[in-house]
Amino acid sequence: MTTIVLSAGGTGGHLFPAQALAAELTRRGRKIIVMTDARGTQYPTYFPGAAIEIVPAAAFSDRSKLRLMTAPFEIMAGVVVALGKLSRAKPAAVVGFGGYPSLPVMIAACLARFPTLIVAPDAVLGRANRLVANYVRAIAGGLPLKRFLPKDMSKVVYTGNPVRPEVVALNGAPYETPTATGPLRLLVFGGSQGARALSEIVPAAVALLPDAFRAQLDIVQQCRPEDLEAVRAVYAGAGVKAELASFFNDLPARMAKAHLVIGRSGAGTVAELMVIGRPAILVPLPHALDDNQTPNADVLAEAGAGWRVAQSELTPSKLADMLQSAFASPDELAKRAAAAHALAKADAAQRLADLVDRIGGA
């Protein structure tokens, strides 16, 4: 049985594409080994049937001076451990998904000359991926790369970013163009790091809208638990219908129902907007590492699928104007929805698996 090694960090942006690829490769009869750091003890639930191997790793950010000094030695130890594990596994290919836990494994795989591939979900190459980008055989791009490009761009293959099965099921869901008298459905979510600013700006903007406009609004908004009551009070005072929660387990379905989305522009969010096909006002997380969310948002904005606005520029007054302008042109919203879907690669997991098989000689 052909063995494929996957190496991923612990955040969702790295973990979910790895899960999607593992599921597709398992369906094709491949044996999966996941190499990660000590947090990997929780991974069996994410990668059923896969072998989990722990490799020492270290990050160069958000650490004390002592930890920064010891990080290179921890990474070197991880490379040695990974070399041993790879020599025993003899994988057909080694795939890195970024994040510091992937770095020792990918360095080891390049040194041992195994076929290698890194997955770059954002329009900016992440820091761990940048260190090995010029040495791997292929780079799977989720979005067109705009910064920190590899020397040889011919190795970049745009596979798209894998999305959840429930998003694939809504691929190209028909867009219901808003009407002059019907509800105007607005979905707002900001992720675990970014919801607070949107919980302050969006309700304040809605309160500035004309009474007739507010009466038509039907808002679904994800908020941090500590912000729920304050947001609820603003909407109630403005007479706006709003459903609020700290988490929605059916967010893709709610995205499909929305006429307009306001959110951050992580690679996963952008990919889901493309697959489902919905227009969005995107507010990049201002403190994201390497400002990776801004070029992600630009991919949609430049295609006419939405708008990108910096959080520092997004006042309640500006957002109120943007909402009135967007809903005043329902046919334009429908065109933006179609433009978003035109960028979609709903079969990204299959495309990625095809690339892995290709570099692995399957």
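Can you spot a residue in segment 299-314 that is closer than 27 Å to L143 by Cα, free of Cβ contacts under 8 Å to residues at least 24 places away in the same chain and aliphatic (A, V, I, L, M)? Yes, some residue in segment 299-314 is closer than 27 Å to L143 by Cα, free of Cβ contacts under 8 Å to residues at least 24 places away in the same chain and aliphatic (A, V, I, L, M). Looking at segment 148-200, which of its residues are of a type in the set (S, T, N, Q) and assigned to a helix (DSSP H, G or I)? Residues satisfying the conditions are S154, S192, Q193, S199.
Per the listing L83, L103, L170, L111, the residue uniquely modelled with pLDDT under 95 and not acidic (D, E) is L103. Of the residues V220, V275, V234, the single one that is part of a helix (DSSP H, G or I) and either free of Cβ contacts under 8 Å to residues at least 40 places away in the same chain or at positive phi (or both) is V234.
With respect to (1) more than 18 Å from the chain's Cα centre (by Cα); (2) part of a strand (DSSP E or B); (3) within 26 Å of A310 (Cβ to Cβ), the lone exception for I262 is condition (1). Total residues in segment 236-281 satisfying the condition of being aliphatic (A, V, I, L, M) and out of contact with any helix residue (DSSP H, G or I) (no Cβ under 7 Å at 6 or more places or on another chain): the figure is 6.
Could you say whether any residue in segment 165-181 is free of Cβ contacts under 8 Å to residues at least 12 places away in the same chain, under 20 Å from G306 (Cβ atoms) and either surrounded by fewer than 18 Cβ atoms within 10 Å (Cβ to Cβ) or not assigned by TED's automatic domain parsing to the domain that holds R278 (or both)? Looking through segment 165-181, at least one residue is free of Cβ contacts under 8 Å to residues at least 12 places away in the same chain, under 20 Å from G306 (Cβ atoms) and either surrounded by fewer than 18 Cβ atoms within 10 Å (Cβ to Cβ) or not assigned by TED's automatic domain parsing to the domain that holds R278 (or both). Any chance segment 130-137 includes a residue that's over 19 Å from L355 (Cβ atoms) and in contact with an Asp or Glu (Cβ under 6 Å, 6 or more places away or on another chain)? No, segment 130-137 contains no residue that is over 19 Å from L355 (Cβ atoms) and in contact with an Asp or Glu (Cβ under 6 Å, 6 or more places away or on another chain). Restricting attention to segment 202-232, the residues being closer than 19 Å to G190 by Cβ and more than 30 Å from the chain's Cα centre (by Cα) number 1. Taken over segment 110-131, the criterion of being part of a helix (DSSP H, G or I) and under 19 Å from L21 (Cα atoms) is satisfied by N129 alone.
Could we say that T159 is buried (at least 16 other Cβ atoms within 10 Å of the Cβ), over 25 Å from D227 (Cα atoms) and among the hydroxyl-bearing types (S, T, Y) here? Judged against the criteria, T159 is a match. For segment 307-326, a residue qualifies if it is in a helix (DSSP H, G or I), crowded, with 19+ Cβ neighbours inside 10 Å and of a type outside the set (G, A, S), and the qualifying residues are L319, L323. Across segment 285-306, the qualifying residues are those that are small (G, A, S) and not in a helix (DSSP H, G or I), and the one among them that is nearest to V124 (Cα to Cα) is A288.
The values are calculated or read from the model by the stated rules, or taken from the named source; none is laboratory data. What you are looking at is a predicted structure, and each value in this text was computed from that prediction instead of being measured. Note that we place each Cβ from the backbone using ideal geometry, even for glycine, and neighbour counts take in every protein chain shown.
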